[in-house]
Amino acid sequence: AQKVTQAQTEISVVEKEDVTLDCVYETRDTTYYLFWYKQPPSGELVFLIRRNSFDEQNEISGRYSWNFQKSTSSFNFTITASQVVDSAVYFCALSMLRGKLIFGQGTELSVKP
Amino acid sequence: SAVISQKPSRDICQRGTSLTIQCQVDSQVTMMFWYRQQPGQSLTLIATANQGSEATYESGFVIDKFPISRPNLTFSTLTVSNMSPEDSSIYLCSVGWDSSGNTIYFGEGSWLTVV
């Protein structure tokens, strides 16, 4: 069975702190894709990153970075020097079939000034 | 990148009525997907809609409750039938990733409140 676990339900940090959001996934497929989305209070889903199972290279985009480790089935997301605008719910998702996503439960990040 | 528009963005509906949500994409796509997000919860896939064939529903979702149409490669509708307060959710439309395989796009969502 395929599953995504985001064990952290809520995280609260003070602005400028670094924060890591954990994501652990389960699948028996050898080809799969992992995603992170941001959902601000307005409700839309904002795409952050897609990573395929053959590419374990970590990625950095500005203050965001992602650590993909197949050995531990994890795809963690770090925000460096957090800002109030980063406050949102963040979802990790898994896809084997093009476009069909299995979501984790989400982590609500609150960044306080 | 694909631009996806959903209508309505929000609505308040009476118990027992039905509402149809529209999803329009600015490019032709093979597969479209409908998700539901109940308050404070994660997203759950309702069904996959392919043009020219019946939608494929996930466990727990049935066609009588959530009929879907897919008349062409840029448009789909989801109807929420005989609504109850438990149907109060955000309903999101998405498309499979584009030809370059880079991402999966979502519409802005339709917030339904059933009273």
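The table below lists the values:
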| item | result |
| --- | --- |
| Meets criteria (farther than 18 Å from A:GLY99 by Cβ, of a type in the set (S, T, N, Q) and within 10 Å of the chain's Cα centre (by Cα)) for B:THR48 | no |
| Test set (1) in contact with a Leu (Cβ under 9 Å, 6 or more places away or on another chain); (2) closer than 16 Å to B:SER89 by Cβ; (3) surrounded by 15 or more Cβ atoms within 10 Å (Cβ to Cβ) - B:VAL29 fails condition number | (2) |
| Residues (in contact (Cβ under 8 Å) with a residue 60 or more places away in the chain and open to solvent by 10 Å² or more (accessible area, probe 1.4 Å)) located in segment A:61-99 | A:THR78, A:THR80, A:ALA81, A:GLN83, A:VAL84, A:MET96 |
| Residue satisfying all of: in segment B:1-14; in a strand (DSSP E or B) and within 15 Å of A:GLU44 (Cβ to Cβ); most open to solvent (accessible area, probe 1.4 Å) among these | B:ARG10 |
| Search result, residues across segment A:31-60 that are touching a residue at least 40 places away in the same chain (Cβ under 8 Å) and of a type in the set (S, T, N, Q) | A:THR31, A:GLN39 |
| Where a residue in segment B:15-33 is closer than 14 Å to B:LEU112 by Cβ and its partner, wherever it lies, is in a strand (DSSP E or B) and among the aromatic types (Phe, Trp, Tyr), with Cβ under 6 Å and at least six apart | B:ILE21/B:TYR91 |
| Given (1) open to solvent by less than 60 Å² (accessible area, probe 1.4 Å); (2) assigned to a strand (DSSP E or B); (3) more than 11 Å from chain A (Cβ to nearest Cβ), index of the condition B:PHE66 fails | (2) |
| Top-ranked residue in segment A:26-48 [being touching a strand residue (DSSP E or B) at 6+ places or on another chain (Cβ under 9 Å) and among the acidic types (Asp, Glu); ranked as farthest from the other protein chains (Cβ to nearest Cβ)] | A:GLU26 |
| Conditions (1) part of a strand (DSSP E or B); (2) crowded, with 18+ Cβ neighbours inside 10 Å: number failed by B:MET83 | (1) |
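The values are calculated or read from the model by the stated rules, or taken from the named source; none is laboratory data. Being a predicted model, the structure only gives us computed values, none of them experimental. Cβ sites come from the backbone with ideal geometry, for glycine too, and all protein chains shown count toward neighbours. Side chains included, ligands, DNA and RNA excluded: accessible areas come from the protein's heavy atoms. Shrake-Rupley method; radii C 1.70, N 1.55, O 1.52, S 1.80 Å.
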